[in-house]
1. For region 175-198, enumerate the residues that are assigned to a helix (DSSP H, G or I), out of contact with any strand residue (DSSP E or B) (no Cβ under 9 Å at 6 or more places or on another chain) and among the hydrophobic types (A, V, I, L, M, F, W, C).
2. Just to check your reading of the model, which residue among Gln61, Gln42 is surrounded by fewer than 22 Cβ atoms within 10 Å (Cβ to Cβ), under 19 Å from the mean Cα position of the chain (by Cα) and within 15 Å of the ligand (Cβ to nearest atom)?
3. Please verify whether Leu39 is at pLDDT 95 or above and not assigned by the TED database to the domain that holds Val364, treating the condition exactly as stated.
4. Would you point out the residue of region 92-109, among those that are part of a loop (DSSP other than H, G, I, E, B) and touching a Ser or Thr at 6+ places or on another chain (Cβ under 6 Å), that is least open to solvent (accessible area, probe 1.4 Å)?
5. Restricting to region 129-140, and then to whatever is surrounded by fewer than 24 Cβ atoms within 10 Å (Cβ to Cβ) and assigned to a strand (DSSP E or B), can you tell me which residue is farthest from the ligand (Cβ to nearest atom)?
6. Among Leu375, Leu413, which is the only one that is modelled with pLDDT of 90 or more and either part of a helix (DSSP H, G or I) or not assigned by the TED database to the domain that holds Lys264 (or both)?
7. Filter region 9-23 for residues that are farther than 17 Å from Pro141 by Cβ and surrounded by fewer than 19 Cβ atoms within 10 Å (Cβ to Cβ) and give the result.
8. Just the residues that are under 23 Å from Lys96 (Cβ atoms) and either buried (at least 23 other Cβ atoms within 10 Å of the Cβ) or more than 8 Å from the ligand (Cβ to nearest atom) (or both), please, taken from region 24-36.
Amino acid sequence: MEPMFTPALHRQRHQFVIDFVKRKKPKKVLDLGCCECVLLKQLKFHREIELLVGLDIDGVQIKKKMHGLAPISTDYLQPSYDQLRIELYQGSVTEKDSRLRGFDLVTSIELIEHLTLADVELFSEVVFGYLTPEAVIVSTPNSDFNPFLPGLVGFRHIDHKFEWTRAEFKSWAMKVCLQYGYGVELTGVGQAPPGQQEHAGFCSQIGVFHRLGGKERYNMFDEDAEDVFSYTLLYSIIYPSLHDNNILRRVLMCEVVYWAEKLKRRWIAEETGERDDTDDLCQAEGEGGECFRASERHVDTEETQTGEQRALKACGAEMKTLVDQEEEDGELFWRHSKPDSDKWRRRVSVPLAVLWCCCPKVSVLSGSVSNLRLLLMDEPGVNLSQDGSAMLLNHQEQDLDDDDDEEEHRADLEDSPYAEARQCPPSAEPEEDWEANV
Ligand code: SAH
């Protein structure tokens with residue numbers, strides 16, 4: 001049999017909420033009767049939401065899929081400044097809990113018809129009179145539509161206590177508005193067959209309620225404001241965010257070390273005239289890659305260059321200028337630059353100013369070169385020059401002709417506290433357990 005609705009009706013109901021969220025950008029959203037958290041899982045991608053909460057009387061349903069709300073690997077690898085906390089509670093919408101007051105949006109999708117009419121009264125009092133959110137979306141079956149549902153006898157679900165006509169829903173909605181100071185717009189999803197819409201209405205009827213009188217009204221109910229905890233917290237997670245100083249530091253360090261290494265290698269390649277074999281860009285793109293001295297090689301057009309390539313190109317120019325200046329002053333980027341017999345031991349100095357202006361993420365995350373210096377001063381694995389203006393990186397090279405040397409070289413790199421950073425963007429998994437941290 002052809003499905004009656006495309007997309008399926010439950011998807012249309014959830015999409016209705018998502019469209020509302022996109023338009024109104026609420027920060028705190030509560031889903032009543034969240035069941036297996038299907039709607040919450042879609043809402044968590046709307047990162048203007050900072051607090052996302054689900055409530056259901058059935059803890060078993062919640063627990064079935066709640067771990068699907070956890071952050072995914074990109075949330076850890078590329079945290080943004082967005083903040084998101086998700087909480088799931090077991091409890092009844094007929095009981096008050098002060099933790100759920102003051103939300104921007106409360107949704108109740110196909111829930112009220114599971115309550116007795118006496119409990120619907122309590123629901124109205126709790127949601128509109130106590131929680132007093134700025135907006136409430138309530139959906140419930142429209143029984144005027146039932147004759148169009150093939151084979152339906154009685155209610156649409158065995159647990160439904162009632163199914164209202166449009167007139168009954170409107171009457172309840174108007175009463176709530178008068179009693180608790182809300183305005184309502186009645187609409188729905190699931191179109192009736194052609195020519196029947198007027199007569200039958202939508203398959204799922206929806207009321208979108210808006211609290212009248214703005215923010216002040218919330219305080220009118222403050223005499224009720226003592227803490228009431230009647231729900232049980234089943235799940236709580238805070239997403240990694242750059243607002244967390246530890247995370248910001250970690251991401252910044254990752255970028256700094258990655259770019260410092262990259263600049264060092266390019267500089268070495270430039271000086272020795274050798275190709276930078278560790279450079280994935282060069283490897284991937286052969287001689288066409290945007291390597292240090294771009295102007296002497298094939299130069300990619302702006303359109304074909306990645307952001308990283310463009311940044312490195314800029315860095316190349318920047319470092320050249322700085323080196324030339326320093327050479328004039330009698331100082332070189334490369335310290336201890338005399339090769340000693342078959343192995344060289346050198347230190348490469350990468351000025352923080354170069355790092356800062358070449359790597360956009362470093363500049364955004366640190367804010368200023370002096371902040372960058374302060375942050376790096378506290379990092380145990382980072383070696384700064386005496387005046388704090390540059391990062392000193394060991395350069396242990398070069399005779400990698402035989403396998404033993406290559407192994408040794410690899411071991412040197414792996415010993416480095418920032419060994420992981422070499423692969424950091426975009427694929428390294430942080431070893432830290434963020435979930436435990438937050
Ligand atoms: N909102 C979901 C599920 C609707 S089914 C969706 O859009 O798909 C109704 C849900 O309401 C069920 O998960 C049920 O356990 C829950 N429920 C029923 N009575 C409740 C009550 N008194 N308080 C909270 N949740 C309740």
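The values are calculated or read from the model by the stated rules, or taken from the named source; none is laboratory data. Owing to the predicted nature of the structure, the values given are computational and were not obtained by experimental measurement. Glycine also receives a Cβ, built like all others from the backbone with ideal geometry; neighbour counts cover every protein chain displayed. For the accessible areas, the whole protein counts, side chains as well, though only heavy atoms, and no ligand, DNA or RNA atoms are used. Shrake-Rupley method; radii C 1.70, N 1.55, O 1.52, S 1.80 Å.
1. Start the filter on region 175-198 by keeping residues that are assigned to a helix (DSSP H, G or I), which leaves 175-180, 197-198.
Cutting the leftovers down to out of contact with any strand residue (DSSP E or B) (no Cβ under 9 Å at 6 or more places or on another chain) gives us 175, 178-179, 197-198.
Result: Leu178, single match.
2. Sole residue among the options that is surrounded by fewer than 22 Cβ atoms within 10 Å (Cβ to Cβ), under 19 Å from the mean Cα position of the chain (by Cα) and within 15 Å of the ligand (Cβ to nearest atom): Gln42.
3. Numbers: at pLDDT 95 or above: yes; not assigned by the TED database to the domain that holds Val364: yes.
It is true that Leu39 is at pLDDT 95 or above and not assigned by the TED database to the domain that holds Val364.
4. My answer is Asp97.
5. Ala135
6. From the options Leu375, Leu413, the qualifying one is Leu375.
7. Answer for region 9-23, where residues must be farther than 17 Å from Pro141 by Cβ and surrounded by fewer than 19 Cβ atoms within 10 Å (Cβ to Cβ): Gln15, Ile18, Asp19, Phe20, Lys22, Arg23.
8. The initial filter retains those residues of region 24-36 that are under 23 Å from Lys96 (Cβ atoms), namely 26-35.
Correct list: Pro26, Lys27, Lys28, Val29, Leu30, Asp31, Leu32, Cys34.
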